[in-house]
Every structure is written in structure tokens, then in C-alpha cells.
Amino acid sequence: MINFKENEELNMLNHSCAHLMAQAVKHLYPQAKFWVGPVVEEGFYYDIDLGDDVIRDEDLPKIEKEMKKCAKDAKKIVRHEITREEALEQFKDDEYKIDLITRMEEGTNISMYTQGDFTDLCRGPHVENTKLLKNFKLLKHSGAYWKGDSDNKVLQRIYGVCLPTPEELEKHLADLEDAKQRDHRKLGKELQMFMFSETVGAGLPMWLPNGFTVRRELSDYIMNKELAQGYVHVMSPSVVSTKLYKISGHLAHYKDDMFPIMERDNDEYCLRPMNCPEHMIMYKNTLHSYRDLPIRIAEIANDFRFEAGGALTGIERSRAFTQNDSHIFCRPDQIADEIKGVTKLILDVYKDFGFEKYDFRLSLRDPENKEKYFGNDNLWEKSEAQLREVLKEMGVPFYEAIGEAAFYGPKIDVQVRSALGHDVTLSTIQLDYQLPERFELEYVDNEGGKSRPVVIHRAILGSLDRFVAFLLEETKGNLPTWLAPKQVVVIPVSPEAHGDYAREVADLLAKDGVRVSVDARNEKLGYRVREAQMSKTPVELVVGDGEIQERSVTVRRYGTKEAKKVALDEFRNMITEEIRSKK
């Protein structure tokens, strides 16, 4: 997807189009007053006070029509400056402009842009004339609090987009429609995977049977991968004493992102935002020798963070989520091999899922803002250099990002671009010298003394919730057979005549471990086949007289019209191997 904010040409084009829209709105609603009209990643918007009028869907075409008239006039867009005092006088009846002007320093000259009968405060730049703004589309509208403050008046926000040519606009609108069909929130609802309820609380997802099946499969998949690499799995509580987070430093550095503290029995408790500190305590529970290391502790852990309401995005960004988390306790001489092992595991998992578009990011401390981070310069420089060196040794292309480190250490993040254009972190590897120090972790070294282990934090699937959201958007809900909530549906041509055979087929598949159902409703065959397609079930089996006589099934895959008759036993072998191999 295009980022209109970062593209200089499109930024100027869309900012100019925002003014064109404001001009058209002023023609249609003479009482309109305007707050701000910035360019955003998706195009532009303008916040408008229309008094008692409210924008509705049917009003957008009217505004577009007026915009076309304004563009056709080909008015020059002219920049001029006035003093702060002149601006205050000119806009004395507009409280929104007065608010902007009074925040500017005295003696400042204020730039304005005029096109025909419309003038607005603006830094610019703009295109030369309105004729260059012909290829636009108003996308949606909503309410928005003035200055984002819920105590203020609700303004009308209108979103739009502008491109240089009709062809580019048409393609962009088609991409937007495709993205709309891929939105995991829409797909999750249609496929009955998860839900939200205001009664339960904003940002708190509830996983329905279909969604929980997918989560269980993902959990089993990654836990088996971890077991094969020597991990042990644990379980820790979601509510902990704040004493734990005072030791770890999370309470001081992360409190604003946590749910409020609860006081009980003369102690303070909190919902955990992460489970690293608990794993530190688990390690400390036993005396370890240098021969025991590395120790790899993993957990499918429920965590809670009080994300801002405006940042909530379905299950991609919620307040309750589940992490595929792990902490590796190792000696300093084992760091490189352990990070290489984690990196190989990430690449192995991505290969299984067919991920090809991703980037490794080395997330570093911001040296200009050191108070955000634990520890001393030497440890930070050492750990950043170690991560950088491992990536270079493995020949993994990466880029560096200042200020993206965790507060206790640098990290390697794997960034994927979702089908909706979101930059999403799926996997992460973090090198940490700080928490072992704060928790006074030790092991008996080869000389019989006490030494500090180093901790590698890592998440492969990251948040299971975010991973499911990413998968839904990448596949449009067409999940691979091994992961699909329902893998096979058996459809008898006649529910009465062929229902018994359909149920026999389903019973045999169920014994093979296949998630299967029978659709023997008293509906037309075509209707039931379409229903299976709508539910994105990977395989449909149609059975009738011929299939009963031959002990066969007619197989049709989701998304295809081709149907092929296959012997029942052959199909059973084929589908079980497909699920086993995770093709």
C-alpha cells in the first residue's frame, strides 16, 4: 500500500486536495469552520465544524461533485504571508483558527494559501493550481473530538485520497477494496473466530470455537518445534505482586502501559504486561552449574497491557493477548550460538508458513535519550555489537533502527508488512545483561566461583493473536488445511438417500484426526456447496449414488471449480498426509 505521508509528491498533492475539499465544503455549507487537514499514510482528512449539520454517506458524492467544479476552474493556488496580528483580525470569528494563531510566537509571519474564493492558514507547499487535483476520491467520514479531547466538541472528519492519474487512482481504490476484504476484523467475524463485546470490555478478545482451534494448532506447532530444540515449557500466573516488577524495573518504566494496581492483604498486585520477571524467579529457584547452561524456558503466556483506546486494532493490537515467549539463560561464550539457533528457528517457521516478505531490524538504544534505558554504556555497546556481529556472520540482511530497543537491552526484530500495509513485528530476539543483574542470577562456573548468566528473550510467533491476524489478512481467511478450524465438509447430494454414507465417511475421517462435519440440511445441493465456499472450508466432499457404489468421494478444493472423484481410502491417505506434513 502507498504511504502518502512519506512520498513527497503525493504528500503535496493530497495536502492540496484537502484544501480543495474544504473549499467545496464551504460552498455547500457556508457556516463551516475548519480545524486541521493533514496528510496521513492513507491520504488526507479535514476536521470540520458544520454547526448543526451532520455529514452522511450520501453527502460525500455531493462534495465530490463540487470539488470537481472547483478543480475545473483551474484557480492558481497562491501563497502569501500576513502578520500574527493581521491573522487574528482576519479570523476573529473563527475560534479554531484563533486557537492555532495564538499558539504562534508574537512577531511571526503566518503563511496562507488562497485558491479562488477560499483561503486557509497553511505552511504548504501546494501544487500550482486546482486543475492538478482531478483524480480524487472521498473515502469515509467519522466524528473526531477537537484536539482529540473527549471534553471538546465533536467535529466532522472527512477522509480522502488524490493521485496524479485516473489509472493510479483506479488501481489504488482496487487495492483498498482488496485490503477491506482482507481486514482480519471482518474475516474474524465472518468465520466466527473471535468477537469483542462492550460488556466484556474494549480490547479484550473472546475466542470462539473456530478461533480457539487455530490458536491450539499454533500452540502445539510451536511447542513441538521448541521441544525438538531442547526447550522446557512452564506456566506462570497472570497476576503477580508489584514487588516482582519493582525488582525488574518494569513498574518504573512500564507503569503507564499497565492496568491499574490492585491492593489486597496489605500487598499490591498487577496484571502482568510480560512474563520475563517470573522466568527469572524460576531460574533462581535452583542452583545451576556452567554445565547446565544453556537453559531454555518457554511459555504460552497470557499478558495484559492497557493500550490506548485509539490504538486498539482488533486482535492485532489488544489489551489481552498471548505470547509465544521464551528466555534462554546462557554463558557469555554461548551467546552467538544461541542467537544463531533462534534465528534459524525463525527462518524455519517462516518457511513452513510460506512467508517471503520480511526484514530483520537491529533495534538499538537512542544515545540521545539514555534515561529511558537501564544499564551502563559498556554493556549496551557490547550487547549491540554482539547482535550485529551474529547477523553479519549468518549473512542475514538487516537494517538498524535507533530508539527501538527494549529498555533493558537491544534486540533483533523481524518486521513484516501486512496485506493492509501495517508494519508488524512478528518475531523478536533480545539480548539482556540487565535483568540477570537486577535479580542477582548466578551459576557455578568452571572454577567453582559464581558468575552471571546472560538472558536471551525471544518470541517466534510473537503474539499468537497478532500472528492469527496476520495470517487471516495474508490468506484472506483461506488458511492451510492443517490449520483450518474445519478441514473437510461432507455434503450428501440427497440428505435422505446419501446421508448415512456421508456420516460414515465423516466418522472414518474423524478417527484419522481430521476435523470434519456433515452438511445434511434439507437445502439444495448448490446452496450447501456455496455455504462451504463461504466458510472457506479447504475441502468439500460430495457423495451420491455413484460414490456409494464405488466407495469413493468427489473432492473439490476451496477456491476452485474442479471436482475429482477419488477412492475413499485414497482420499483418507491423501488428506492425513497433507495435514501431517503441513503443506
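Values in this text are rule-based calculations from the coordinates and carry no lab data. Predicted model only: the values in this text are computed from it and were never measured. All Cβ positions, glycine included, derive from the backbone under ideal geometry; neighbour counts span all protein chains shown.
Can you give me the C-alpha center-to-center distance between segment 381-427 and segment 182-243, rounded to a whole angstrom?
25
Between segment 24-96 and segment 126-175, how far is it from one alpha carbon centroid to the other, in angstrom?
Each part's Cα centre sits 12 Å from the other's.
Which whole-Hz couplings ³J(HN,Hα) result when phi for each residue of segment 436-452 is put into the Karplus expression 6.51 cos²θ - 1.76 cosθ + 1.60, θ = phi - 60°, listed in order with x for Gly and Pro?
Values per residue, Gly and Pro as x: x, 5, 5, 8, 6, 6, 9, 9, 7, 7, 6, 9, x, x, 9, 10, 8 Hz.
Pull up all non-local amide H partners of Leu155: gap of 5 or more, or a different chain, and H-to-H distance under 5 Å with H placed in the peptide plane.
Amide H to amide H, under 5 Å and 5 or more residues apart or across chains, Leu155 pairs with Ala144, Tyr145, Trp146.
Please list, in order along segment 568-583, the HN-Hα scalar couplings obtained from phi with the Karplus expression 6.51 cos²θ - 1.76 cosθ + 1.60 (θ = phi - 60°), rounded to whole Hz, x for Gly and Pro.
Coupling constants for segment 568-583: 4, 5, 5, 5, 4, 5, 5, 6, 5, 5, 4, 5, 4, 7, 6, 5 Hz.
In segment 502-583, which GluC sites (Glu not before Pro) are in a loop and have at most 15 other Cβ atoms within 10 Å, using DSSP for the loop call?
Glu523, Glu562
For the chain, what does the relative contact order come out to in percent, with C-alpha contacts under 8 Å and a separation of six or more?
Over the chain, the number comes to 10 percent.
Compute the semi-axes of the equivalent ellipsoid of segment 8-182, taking the square root of 5 times each eigenvalue of the Cα gyration tensor, and list them largest first in whole Å.
In descending order the semi-axes read 26, 20, 15 Å.
Within the set Lys69/Lys134; Lys536/Lys582; Lys147/Lys255, which residue pairs have Cα atoms separated by over 20 Å?
Checking Cα-Cα distances, Lys147/Lys255 exceed 20 Å.
Using amide H atoms built 1.01 Å from N in the peptide plane, name the residues 5+ places from Thr83, or on other chains, whose amide H lies under 5 Å from its own.
Counting only residues 5 or more places away or on other chains, the set is Ile110.
When P(r) over Cα pairs in 10 Å bins from 0, in percent is calculated directly from the model, which label among [x] 3, 13, 19, 19, 19, 15, 8, 2, 0, 0; [y] 3, 12, 15, 15, 12, 9, 8, 7, 6, 5, 4, 3, 2, 0, 0; [z] 4, 16, 22, 21, 14, 10, 7, 4, 2, 0 fits?
Answer label, from the structure shown: [x].
Going down the list Lys511/Lys561; Lys186/Lys246; Lys153/Lys243, which pairs span over 31 Å between their C-alpha atoms?
From the list (Lys511/Lys561; Lys186/Lys246; Lys153/Lys243), the Cα-Cα distance tops 31 Å for Lys186/Lys246; Lys153/Lys243.
I'd like the Karplus ³J(HN,Hα) series for segment 262-269: coefficients 6.51, -1.76, 1.60, θ = phi - 60°, whole numbers in Hz, and an x wherever there's a Gly or Pro.
With coefficients 6.51, -1.76 and 1.60, one gets 10, 10, 8, 6, 6, 9, 10, 10 Hz.
Which GluC sites (Glu not before Pro) in segment 392-494 pass both tests, a DSSP loop state and at most 12 other beta-carbon atoms within 10 Å?
Glu440, Glu447
For Glu400, enumerate residues with amide H under 5 Å from its amide H, sequence gap 5+ or separate chain, H modeled in the peptide plane.
Close amide H contacts, sequence-distant or interchain: Leu362.
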